[in-house]
1. Hey, does the stretch 277-284 have a residue that's buried (at least 19 other Cβ atoms within 10 Å of the Cβ) and either in a loop (DSSP other than H, G, I, E, B) or within 38 Å of the chain's Cα centre (by Cα) (or both)?
2. With the condition kept exactly as written, say whether any residue in the stretch 556-571 is among the aliphatic types (A, V, I, L, M), open to solvent by less than 50 Å² (accessible area, probe 1.4 Å), within 16 Å of the ligand (Cβ to nearest atom) and not in a helix (DSSP H, G or I).
3. Looking only at residues in the stretch 572-588 that are away from the ligand (no atom under 16 Å from the Cβ) and in contact (Cβ under 8 Å) with a residue 40 or more places away in the chain, which one is least open to solvent (accessible area, probe 1.4 Å)?
4. Answer yes or no: is there a residue in the stretch 413-420 that is in contact with a Gly (Cβ under 9 Å, 6 or more places away or on another chain) and open to solvent by less than 10 Å² (accessible area, probe 1.4 Å).
5. So which strands (runs of 3 or more DSSP E) are wholly in the stretch 86-181 and hold at least 2 residues that are modelled with pLDDT of 95 or more and of a type in the set (A, V, I, L, M)?
6. Suppose the filter is without any contact (Cβ under 8 Å) to a residue 60 or more places away in the chain, open to solvent by 10 Å² or more (accessible area, probe 1.4 Å), over 21 Å from Arg474 (Cβ atoms) and within 15 Å of the ligand (Cβ to nearest atom); does Ser525 pass it?
7. All but one of (1) surrounded by fewer than 23 Cβ atoms within 10 Å (Cβ to Cβ); (2) of a type in the set (Gly, Ala, Ser); (3) more than 16 Å from the ligand (Cβ to nearest atom) hold for Ser381; state the number of the condition that does not hold.
8. Check the stretch 867-875 and report whether any residue there is open to solvent by 10 Å² or more (accessible area, probe 1.4 Å) and within 28 Å of Cys715 (Cα to Cα).
Amino acid sequence: MLSAIHPKILIITGLLFAVFAAALSAVEGAGPLPPVNLRCEYLVNPRGIDVKAPRLFWIPAHSARGQKQTAYQILVSSKPDCSMGDVWDSGKVDSEEFTQVVYKGKAPAGDATYYWKVRYWDNTGIESSYSAVASFDTGLFSRDDWKGSWIGGANELRKEFEISGPIVRARAYICGLGYYELRINGEKAGFNVLDPAWTTYDKRALYVTYDVTSMLRAGTNAVGVILGQGWYKNRALLLQMNLELANGKKMSVFTDTTWKAAGGPIIEDSVYNGEVYDARLETPGWDKAGFKDASWINAVVVPGPKGILSAQLMPPIQIMDTIVPLKMTNPKPGVFVFDLGQNASGWARLRVSGPRGTEVKMRFAELLYENGLLNQENLRSARAQDIYILKGEGEEVYEPRFTYHGFRYVELTGFPGVPTAETIRGRVVYSGVNQTGSFACSKPVLNALQRIITWGQKTNLHSIPTDCSQRDERMGWMGDAQGTAEEAIMNFDMAAFYTNFVRDIRDVQDDAGTITDTVPHIWGSRPADPAWGTAYPLICWYMYQYYGDVRILEEQYAGLKKYVDFLRTKAGNGLLTYSYYGDWVAVDKTPGSIVSSFYYFYDVKILAEVAKILGREENANAYGRLAEEIKAAFHKEYFDPKTGNYANGTQTANALALFLDLAPGDARGRAWGNLFDNVAYKNSSHLTTGIIGTKYIMEVLTRFDNSDLAYDIACQTTYPSWGYMIENGATTLWELWQKREGPSMNSHNHPMFGSVGAWLYKVLAGITPDPLAVGFKKIKFEPQMVRDLFYAAGSTETVRGRVLSSWKRTENSMTLEVIVPFGSEAEIVIPKFKLQNVAVAESGKTIWADKKLVSGTAGIMDIQENAQAVILKVGSGSYAFELSGK
Ligand code: BGC
């Protein structure tokens, strides 16, 4: 496509660049600025990490374009001022890397705090000053570091203890199953809720680390923990607080049978069914020193989970938002219904005053009947209700601790009097990943689509990616997880979350290499449907592609290989035919076997690539050859030379063959022709795909130069389409293309059809990460300015910094702003459409006219023009291009 860079342009732009750079460095404050956004294991100042060679990340900042880091120096210190690298001084390391940089200092001790900072040298050899100091805390590295035992016996556990003098440092390490709330001297520690993450507890249970230094004091202190059942369906607590006093003394407080236990006010708690809270059973002050606990029983030692204890290293579930209801209705005497205007996951906060013993019930639902009453039919067996029994002491504020619901509507019954605008608040609860992406364009239905995708996505992050947030499932269905992963990565910072989820997948793997449909495994089968099991290789692969993460490949290689080797034992003649769900919830059904064989090929191909990246040549070759065999078998089995179709010629069948280039020779053209006819004519630009076909078809249409058609599909408002959901009031994606509200399978918050979200960024905003220069080290900007779309903008925070693409067009001009992160390079394709004699200006200065370079600007390395587009190669920086013509 691109001819080689014209040497003259290189010289001219290079020269101009040098002049520009020289001019800049004369300016005060210009040149390399201190690195920002320091992270360790993807997290900002993480507490309690148990990775012994953690990876460090920073973003070098620079006032000039086209800059690169040429070297860095990291200092890691045991002292907060980090004035010297007593733990590690990397020295000046010649390297462009500022992501995934592996710590190579002294072996870190457990239960310690390390401070670090970094500086870098730019490509003119000038060094930045040091960054601000960041830190990471190590956790407890082995089971022997835990002094206490698992205890239980009741919902509330407490202990008082003496501290002999001022405290310098205190950390609390806690694994409270199923869920816990940690309280110290009457206050909740931290903001985590529904913690710790749900894992296969008999393989791996997660502990959480809190800095509790400021919550403790010399004298008598109290620690209290409330336990809920969560997914563990039982209660068990392991806690240890390690303290360092100013006088140099160290002490630990840990769980044992000297702790006291009592039932507390939570008399029922269940993820699906909700909580029953009797405020009359509260014992004020129980989590403070001096409380009389004589009537409390002694805690007992309980078995605890069999798995290893490992640090929770991802954003915890938190209350992320509070919603003021849009309206309250009163459809029946004594029944009040609040509408949040948004389907979400979480619970309601209730404000109430009334007589002691009054029982107020809140029920939750996604839907209403026409008469305004709550429709809970699609929740199936999930009761989704919280009951609060008043203590009768003025205003009482209640929110549950150990349950969550998926809902838009809250029904209130048993309320003493008439509720007011203050009575109910919606609390939006999910894993607190940062929203790092945004997309907007001139087509309202696509903005609405982006909105329902992101709401659906985030409210289905509950320490694992869930299928839905309301009914009696909320499982880590792997097909849903793999289908949405790229969309999730474009919209949210998923790196730490997926690192953990991939470990969750590894945890369910058995000796035969099989994994399961849901992770942790409750619903579905073992072995997983291949289109579900593929989440294991695919999410690892996306972690590598989007975040440049090689460690996850190393860590999971053995498991991935075992999984693929298992698939191989099930495959005959290069085909994998077993399938349970096929192209799940499609309008037109595709045989499951073609879906499974497609993923068999995909998984083997990924494994071959991973082996190559890890330098395992022999395996790379062997799996590469296997992939070729599967490819040939796939075509032989599924291609019908009479019709030119794969399998039964559904959109999905042909799209799968085309997506992974499984169609050789003229089969490719024929399958494409059939796919086009099917979409454009037979279905008037509608999809008939299920979640599998939907993930790939949009990208296939774009690859075959039919982004216009893909756009038509994306903008449809008639059945089946995303717009149809929106027109019918969806505020999160539905599970089905059909509008159904009865019992059975029709969730109204199911993110799996949201895979199109990645297409919005990649194609309409035009941001594509280069598959060979991973982690956005190279980017291609190629926005598709389709049909009536006259502007689109996408931006996403990558590991290397922010990437943005924002374009606008008029009759005879196009503007395109891009941001290329520091150290990255980009190719930018600005379409000319039918414009003749185009000229390109950058930041107001003409750089290209009459197919010739007029004048370069800093950062631009090359400009070319062909019949369709002007193509630029640029280094890092923000650019504003304007293409005009006649
Ligand atoms: C879940 C899906 C899942 C499917 C697999 C459903 O019950 O909600 O999203 O992928 O089962 O069959």
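1. Yes; the residues of the stretch 277-284 include at least one that is buried (at least 19 other Cβ atoms within 10 Å of the Cβ) and either in a loop (DSSP other than H, G, I, E, B) or within 38 Å of the chain's Cα centre (by Cα) (or both).
2. No, the stretch 556-571 contains no residue that is among the aliphatic types (A, V, I, L, M), open to solvent by less than 50 Å² (accessible area, probe 1.4 Å), within 16 Å of the ligand (Cβ to nearest atom) and not in a helix (DSSP H, G or I).
3. This residue is Leu576.
4. No, that holds for no residue.
5. In the stretch 86-181, 156-163, 167-177 are the strands (runs of 3 or more DSSP E) which contain 2 or more residues that are modelled with pLDDT of 95 or more and of a type in the set (A, V, I, L, M).
6. For Ser525, the condition - without any contact (Cβ under 8 Å) to a residue 60 or more places away in the chain, open to solvent by 10 Å² or more (accessible area, probe 1.4 Å), over 21 Å from Arg474 (Cβ atoms) and within 15 Å of the ligand (Cβ to nearest atom) - is not met.
7. Looking at each condition in turn, Ser381 falls short on (3).
8. Within the stretch 867-875, one or more residues are open to solvent by 10 Å² or more (accessible area, probe 1.4 Å) and within 28 Å of Cys715 (Cα to Cα).
The values are calculated or read from the model by the stated rules, or taken from the named source; none is laboratory data. A quick note: this is a predicted structure, and the numbers were derived from the prediction, not measured. Positions of Cβ are generated from backbone atoms using ideal geometry, with glycine treated the same way; all protein chains shown enter the neighbour counts. Ligands, DNA and RNA are excluded from the accessible area calculation, which covers all protein heavy atoms including side chains. Shrake-Rupley method; radii C 1.70, N 1.55, O 1.52, S 1.80 Å.
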